[in-house]
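See below for the structure under consideration.
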Amino acid sequence: MKFKGGMYGLPIGFFIYGLVGNEDGIKKSGVTFDDSKWNWEQFITTAKLFLRLLEY
């Protein structure tokens, strides 16, 4: 959009990538992982394990 000789624009969106977790809960579960080498399949498998542990 031009206004008074200047070119202006607005972003159509923005994204924040990140996950938040309960570090104490993860430690208590006994599940260990190296998050620097994770892929999505490992993330999903670990998340399902946490859900099973929460059921009991």
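The values are calculated or read from the model by the stated rules, or taken from the named source; none is laboratory data. These numbers were taken from a predicted model, which means no experiment stands behind them. Neighbour counts run over all protein chains shown; Cβ positions are idealised from the backbone, glycine included.
Things to note:
- Subset of region 1-21 (residues that are part of a loop (DSSP other than H, G, I, E, B) and among the aliphatic types (A, V, I, L, M)): MET1, LEU10, ILE12, ILE16, LEU19, VAL20
- Listed by first and then second residue, the pairs linking a residue in region 43-54 that is closer than 20 Å to GLY18 by Cα to a residue that is among the polar types (S, T, N, Q), with Cβ atoms under 9 Å apart and 6 or more places separating them unless they lie on different chains, are PHE50/SER29.
- Tallying residues that are more than 30 Å from GLU55 (Cα to Cα) and not aliphatic (A, V, I, L, M) within region 1-25 yields 11.
- Scope region 22-54; condition surrounded by 10 or more Cβ atoms within 10 Å (Cβ to Cβ) and not in a helix (DSSP H, G or I); matching residues: ASN22, VAL31, PHE33, TRP38
- Check on PHE14, aromatic (Phe, Trp, Tyr) and either modelled with pLDDT of 80 or more or surrounded by fewer than 10 Cβ atoms within 10 Å (Cβ to Cβ) (or both): yes
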